[in-house]
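Undergrad: There's a structure below that I have some questions on.
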Amino acid sequence: MIYPIVDSHIHLDGAEFDADRDDVVARAKAAGVRKVFVPAIDLPSAHSVLAVCRRYPGYAYPMLGLHPEEVKADWRDVLRGMKPLLAAPGWIAVGEVGLDYYWSREFEKEQLEAFEEQVGWSVETRLPLMIHCRKAQHEMVRLLKQYKDDLPGGVFHCFTGNEKEAAELLQFERFVLGIGGVLTFKNSHLPEVLPSVPLDRIVLETDSPYMAPVPKRGQRNESAFVVYVLQKLAECYGVGEAELSEATNRNITRIFGIKEI
């Protein structure tokens, strides 16, 4: 059976898809993927994301943000160049933004400041956040708590944490967890963790071209592979794939305001 689903996170503008982007979209549609959400990561990608989304109108939707790994000493100038783009219609979220201290803390202060400014964009525009967080949950939660009552909502992208970490994130009532290919990995603890998370707090994602799920692990990821995440998630919750599809689509509509999935 094919169920209507949304890939809430794919870097479809990436060079990895330049050779066969139309085929990638066609395979996704054939697999039941009705919409894909495409995050910017820096100023050049803001333009490439818009171009890709214009190429697939009503199917690919753009998000605008500066990825934490792209935050450098010039972050103020970058955000100064990005913010005016928000005035254009069509953006569905501020993202991909957040904190990432996995590889380096060289720009720790700059990441925090850039993230806070973009949280402000979300509050100001009422666009939800698409948040990337790696090895920085404590710092991220501390910052978000300052805006807790004003945040419009969003997604904690690529959640891979434990029950305690999930509960800490779910205190932000208008937010959901983005679940992708890691769920299917042999050493993942998510199958034990996720049943403690209500179904109305989860959305599906791929993070393509990265993090391909089993049985496609090691390959370039693409939106069509989100069906493997759906299958594993349904197994974890002990529900049918149709119910999982309906639940995650309702969450997409609630968070992003996008209907007709």
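The values are calculated or read from the model by the stated rules, or taken from the named source; none is laboratory data. Worth saying up front: this structure is predicted, and the values here are computed from it rather than measured. As a convention, Cβ positions derive from the backbone with ideal geometry for all residues, glycine included, and neighbour counts pool all protein chains shown. The accessibility values were calculated without ligands, DNA or RNA, using every heavy atom of the protein model including side chains. Shrake-Rupley method; radii C 1.70, N 1.55, O 1.52, S 1.80 Å.
Undergrad: Pick from the stretch 160-187 the residues that are in a helix (DSSP H, G or I) and in contact with a Leu (Cβ under 7 Å, 6 or more places away or on another chain): which of them is surrounded by the most Cβ atoms within 10 Å (Cβ to Cβ)?
TA: The initial filter retains those residues of the stretch 160-187 that are in a helix (DSSP H, G or I), namely 163-170, 181-184.
Still in the running and in contact with a Leu (Cβ under 7 Å, 6 or more places away or on another chain): 166, 169, 182-183.
Values: Ala166: 18, Leu169: 21, Val182: 17, Leu183: 25.
Checked the stretch 160-187; the qualifying residue surrounded by the most Cβ atoms within 10 Å (Cβ to Cβ) is Leu183.
Undergrad: Sticking with this one: Which residue out of Val38, Val6, Val49 is within 24 Å of Gln219 (Cα to Cα), aliphatic (A, V, I, L, M) and in a helix (DSSP H, G or I)?
TA: Result: Val49 is the single residue among Val38, Val6, Val49 that is within 24 Å of Gln219 (Cα to Cα), aliphatic (A, V, I, L, M) and in a helix (DSSP H, G or I).
Undergrad: Also, quick follow-up: Listed residues Glu106, Glu69, Glu16; which is within 27 Å of Glu139 (Cβ to Cβ) and at pLDDT 95 or above? Spell out how you get there, then give the answer.
TA: Numbers: Glu106 fails: at pLDDT 95 or above; Glu16 fails: within 27 Å of Glu139 (Cβ to Cβ).
Exactly one of Glu106, Glu69, Glu16 is within 27 Å of Glu139 (Cβ to Cβ) and at pLDDT 95 or above, namely Glu69.
Undergrad: Check off (1) out of contact with any strand residue (DSSP E or B) (no Cβ under 6 Å at 6 or more places or on another chain); (2) within 21 Å of Cys133 (Cα to Cα); (3) of a type in the set (Lys, Arg) for Arg201 and give me the number that stays unchecked.
TA: (1) is the only condition that Arg201 fails.
Undergrad: Kindly indicate whether Arg134 is in contact with an Asp or Glu (Cβ under 6 Å, 6 or more places away or on another chain) and open to solvent by 60 Å² or more (accessible area, probe 1.4 Å). First the steps, then the outcome.
TA: Working: in contact with an Asp or Glu (Cβ under 6 Å, 6 or more places away or on another chain): yes; open to solvent by 60 Å² or more (accessible area, probe 1.4 Å): yes.
Yes; evaluated as a whole, the condition is true for this residue.
Undergrad: For Ala114, only one of the following conditions fails: (1) in contact with a Leu (Cβ under 8 Å, 6 or more places away or on another chain); (2) without any contact (Cβ under 8 Å) to a residue 60 or more places away in the chain; (3) under 29 Å from Glu260 (Cβ atoms). What is its number?
TA: Just one mismatch for Ala114, condition (3).
Undergrad: Return a yes/no flag: does the stretch 24-33 have any residue that is in contact with a strand residue (DSSP E or B) (Cβ under 6 Å, 6 or more places away or on another chain) and either farther than 15 Å from Met130 by Cα or in contact (Cβ under 8 Å) with a residue 12 or more places away in the chain (or both). Show your work before the answer.
TA: Step one: filter the stretch 24-33 for residues in contact with a strand residue (DSSP E or B) (Cβ under 6 Å, 6 or more places away or on another chain), giving 32-33.
Applying the additional criterion that residues be either farther than 15 Å from Met130 by Cα or in contact (Cβ under 8 Å) with a residue 12 or more places away in the chain (or both) yields 32-33.
Yes, the stretch 24-33 contains at least one residue that is in contact with a strand residue (DSSP E or B) (Cβ under 6 Å, 6 or more places away or on another chain) and either farther than 15 Å from Met130 by Cα or in contact (Cβ under 8 Å) with a residue 12 or more places away in the chain (or both).
Undergrad: Moving on to the next point. Taking the criterion of being of a type in the set (Asp, Glu) and free of Cβ contacts under 8 Å to residues at least 60 places away in the same chain, would at least one residue in the stretch 87-100 satisfy it?
TA: The answer is yes, given that some residue of the stretch 87-100 is of a type in the set (Asp, Glu) and free of Cβ contacts under 8 Å to residues at least 60 places away in the same chain.
Undergrad: Follow-up. Going residue by residue through the stretch 137-151, is there one that turns out to be closer than 22 Å to His9 by Cα, open to solvent by 20 Å² or more (accessible area, probe 1.4 Å) and at pLDDT 95 or above? Before you say what the answer is, go through the steps one by one.
TA: Here is the first cut: in the stretch 137-151, the residues closer than 22 Å to His9 by Cα are 137, 140-141, 144, 151.
With open to solvent by 20 Å² or more (accessible area, probe 1.4 Å) added as a condition, the list becomes 137.
Pick out the ones that are also at pLDDT 95 or above and you get 137.
Yes: one or more hits.
Undergrad: Restricting attention to the stretch 157-177, which residues are within 22 Å of Thr125 (Cα to Cα) and under 14 Å from the mean Cα position of the chain (by Cα)?
TA: Within the stretch 157-177, His157, Phe175, Val176, Leu177 meet the criteria.
Undergrad: Looking only at the stretch 34-82, how many residues end up being touching a residue at least 40 places away in the same chain (Cβ under 8 Å) and open to solvent by 80 Å² or more (accessible area, probe 1.4 Å)?
TA: So the count comes out to 1.
Undergrad: Being out of contact with any Leu (no Cβ under 9 Å at 6 or more places or on another chain) and within 14 Å of Val155 (Cβ to Cβ), is that true of even one residue in the stretch 206-223?
TA: yes
Undergrad: Can I ask one more? Just to be sure I understand the filter: pairs with C-beta atoms under 6 Å, separated by 6 or more residues or on different chains, first member in the stretch 246-261 and over 15 Å from Gly178 (Cβ atoms), second member among the polar types (S, T, N, Q) and at pLDDT 95 or above. Which pairs pass?
TA: Lys259/Thr253; Ile261/Asn249
Undergrad: Considering the stretch 213-240 alone, what residues qualify as being open to solvent by less than 30 Å² (accessible area, probe 1.4 Å) and of a type in the set (Lys, Arg)?
TA: none
Undergrad: Between residues in the stretch 185-197 that are within 18 Å of Gln219 (Cα to Cα) and residues that are open to solvent by 60 Å² or more (accessible area, probe 1.4 Å), which pairs lie under 7 Å by C-beta distance while being six or more apart or on different chains?
TA: Note: pairs meeting the criteria are Phe185/Val214.
Undergrad: Select the strands (runs of 3 or more DSSP E) contained entirely in the stretch 55-156, then report the ones holding at least 3 residues which are under 17 Å from the mean Cα position of the chain (by Cα) and of a type outside the set (A, V, I, L, M).
TA: On the way: elements: 60-64, 93-100, 129-134, 154-156.
In the stretch 55-156, 93-100, 129-134 are the strands (runs of 3 or more DSSP E) which contain 3 or more residues that are under 17 Å from the mean Cα position of the chain (by Cα) and of a type outside the set (A, V, I, L, M).
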